[in-house]
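See below for the structure under consideration.
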Amino acid sequence: MTAIVEAPFRQARNSAAFWAATGRSRGHEVIAGSGFLAVAGDQRAGLRVLIQDPAVAVDQIGDLVRGAPGPINIEDPFGTSDLTHLDLRHWQMPVMLRDPAPVAHPAMEVVRVHGGAATPDGAPVPGGASVPGGADLRAAERAVIAGFEMSRFEPYRAGEVFPAALLEEPGVDVFVARLDGVVAGACVTVVDAGIGSHYWVATPPEFRSRGVGRALMLGSLAHLAGIPVTLTASKLGRPLYESLGFTAVAMSTWWASR
């Protein structure tokens, strides 16, 4: 069993791995600070800060926040950093942990998105090249934007949230759930240092209350069943995650621009 006290540190490390991969794939600057990792994006993506140590250097974070051209999001899985002087709104969400355990089969189709593409007649692309704009990746991207109401990414630009290069990052996988043949939800999983984590578990409004979220979690947990898995849960998502064997082990604090 994974020690509960380790869960925030594991979540912090995995979040940093995910956002560093995301930053690299988007061509954004990845900054390793004193006790934190940051990804400095453009005006739409904004600044993302992942606190890695309870004794983080908040002055350095303040400098980044004041120079950010777009929205600001800071994740503190330890819930200990005082950033009130930065005039950011904040709230808390539980860090949840699932120890290794078998996973049931999802009630609908859930597939891993692959980086390769096919020509219109179904033949493989010569050389196995990845072609930006694959249908499943674009559908996953749209599902996450709609599910999390990420209006800053409208009007939609294909590949802005999930570039094709993200699928080439070690340990990163994107999954989609299909309902009646249509992509109805998406999520990202990341495996780093022997632990898995979930991100962007999203169901657009028109597909909610139809079992998409549960199916998506079950399908994406299948390749993680043998390792500990963490995530940070919203208030609405927590009951689903608890029913899947996750337990709240700590409270994280999130800070964001107003």
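Of 181, 185, 194, all but one fail to be over 24 Å from residue 42 (Cα atoms), buried (at least 23 other Cβ atoms within 10 Å of the Cβ), outside the structural domain of residue 70 (by TED's automatic domain parsing) and not aliphatic (A, V, I, L, M); the exception is 185.
Looking at 173, 192, just one residue is among the charged types (D, E, K, R) and under 13 Å from the mean Cα position of the chain (by Cα), and that residue is 173.
Of all residues in segment 15-31, none that is over 18 Å from residue 75 (Cα atoms) has its Cβ atom under 7 Å from the Cβ atom of a residue that is among the hydroxyl-bearing types (Ser, Thr, Tyr) and part of a helix (DSSP H, G or I), 6 or more apart or on another chain.
Filtered by the rule that a residue be in contact (Cβ under 8 Å) with a residue 40 or more places away in the chain, under 25 Å from residue 43 (Cα atoms) and not β-branched (Val, Ile, Thr), segment 69-95 gives 70, 71, 73, 75, 76, 83, 86, 87, 88, 89, 90, 91. Within segment 218-252, being in contact (Cβ under 8 Å) with a residue 40 or more places away in the chain, assigned to a helix (DSSP H, G or I) and under 16 Å from residue 185 (Cβ atoms) holds for 218, 219, 220, 221, 222, 241. Is it true that some residue in segment 238-248 is among the aliphatic types (A, V, I, L, M), in the same structural domain as residue 150 (by TED's automatic domain parsing) and in contact with a helix residue (DSSP H, G or I) (Cβ under 7 Å, 6 or more places away or on another chain)? No, segment 238-248 contains no residue that is among the aliphatic types (A, V, I, L, M), in the same structural domain as residue 150 (by TED's automatic domain parsing) and in contact with a helix residue (DSSP H, G or I) (Cβ under 7 Å, 6 or more places away or on another chain). The set of residues in segment 32-57 being touching a residue at least 24 places away in the same chain (Cβ under 8 Å), over 19 Å from residue 79 (Cα atoms) and either assigned by TED's automatic domain parsing to the domain that holds residue 188 or surrounded by fewer than 17 Cβ atoms within 10 Å (Cβ to Cβ) (or both) consists of 42, 43, 44. Against the test of being at pLDDT 95 or above and either touching a Phe, Trp or Tyr at 6+ places or on another chain (Cβ under 9 Å) or part of a strand (DSSP E or B) (or both), the options 186, 139, 165 yield a single qualifying residue, 186.
Condition check: within 25 Å of residue 24 (Cβ to Cβ) and of a type in the set (S, T, N, Q). Does residue 230 satisfy that? Answer is yes for this residue.
The values are calculated or read from the model by the stated rules, or taken from the named source; none is laboratory data. No experiment lies behind these values; they were computed from the predicted model shown. Here Cβ is always computed from backbone atoms with ideal geometry, including for glycine, and neighbour counts include all displayed protein chains.
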